[in-house]
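Visitor: Let me give you the structure first, and then I'll get to my questions.
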Amino acid sequence: MDPENAQIWIEKGLEYGVTYGMDLVKVIFIFIIGKWLAGKFAKLAVAGMGRAKVDETISGFAGTIIRYALLTVTVLAILEVFGFKTTSLVAVLGAMGFAIGLAMQGTLANFSSGVMLLLFRPFNVGDVIEAAGVVGCVQSLEIFSTVLLTPTQVKITVPNGQIYGGTIKNMTGANTLRFIPLDIGVAYNADIDQTKALLESTLRGIPGVLADKPVAAVLVNLGASSLDFSIRTFCNDADYWAVREQMLRQCKYALDKASIGIPYQTLDVHIVSEPDGAA
């Protein structure tokens, strides 16, 4: 390459370097500032709603929406730097969104379910619920999912579509009391009246069981191998799991002490031997 051509290439390289180098700096600057502003505004919105006594479920959901909305604006601003016309881009994105929406029906269903959960409010953050086969305390309601903390301190993320599309049992609600039903089977040779009186007296002696609420042990079924009792009582919401465990423990101890058996499934195996000389 002769010196004259080399000089031309160097000048073009410097020109492109300055032009696109400045664009790259702008993109990095816009991205950093946009991401910082998205997080900052989301936190400010959540804090402001908290001071206004807005429910934590709504404030957390709104904060997430604000953050993603500002990040979308940031991406559009970056595209403007590279010369993309965002007006036509929005139209293209609309068409793409329709196609993507068909392919991501589950995700969109989770989003719409999150909005419906926010509007109808079947539960709030801090409530103990049973939904989609999971029992736990609601930690957060997010755009696509709800985070539950189980009694064993395991965090489970459940898609909003599964929660809103199924039965939701709110075991907290506006009531501070919890009803505790448990099923216990005893042997068929046990005296029904004695067992009933023993279970009810045991329940009344458990710490946390509310003395002013009814306690009952009801024979509900003649099972395949047991007399099935349903024991029922009330406690304060905060004591639920501790009282429930004590109900199981103390009833087991009381039945053992009274020599009332708790049957378990057994399998009898009969071996039939072939007679001598059989083919």
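Visitor: Being crowded, with 17+ Cβ neighbours inside 10 Å, among the hydrophobic types (A, V, I, L, M, F, W, C) and in contact (Cβ under 8 Å) with a residue 40 or more places away in the chain is the filter here, so list the residues in region 144-172 that pass it.
Guide: Scanning region 144-172 gives a single hit, 163.
Visitor: From the set of residues in region 202-252 that are without any contact (Cβ under 8 Å) to a residue 12 or more places away in the chain and more than 23 Å from residue 137 (Cα to Cα), which is nearest to the chain's Cα centre (by Cα)?
Guide: Only one residue fits best here, namely 249.
One line per residue, one yes/no per condition, for (1) touching a Leu at 6+ places or on another chain (Cβ under 6 Å); (2) aliphatic (A, V, I, L, M):
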residue	(1), (2)
121	no, no
125	no, yes
129	no, yes
144	no, no
164	yes, no
172	no, no
180	no, yes
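Visitor: Related question: Which one is nearest to the chain's Cα centre (by Cα) among residues in region 168-200 that are in a loop (DSSP other than H, G, I, E, B) and either over 21 Å from residue 232 (Cβ atoms) or among the charged types (D, E, K, R) (or both)?
Guide: Residues of region 168-200 that are in a loop (DSSP other than H, G, I, E, B), as a first pass: 171-176, 187-191.
Applying the additional criterion that residues be either over 21 Å from residue 232 (Cβ atoms) or among the charged types (D, E, K, R) (or both) yields 174, 187-189, 191.
Details: 174: 20, 187: 39, 188: 41, 189: 44, 191: 44 Å.
Here the answer is 174.
Visitor: Further, regarding this structure: Among the numbered criteria (1) closer than 19 Å to residue 262 by Cβ; (2) modelled with pLDDT under 90; (3) not small (Gly, Ala, Ser), which one does residue 184 miss?
Guide: All conditions are met except number (2).
The values are calculated or read from the model by the stated rules, or taken from the named source; none is laboratory data. Here the structure is a predicted model, which means the values were calculated and not measured. For neighbour counting, all protein chains shown are included, and Cβ atoms are generated from backbone atoms with ideal geometry for every residue, glycine included.
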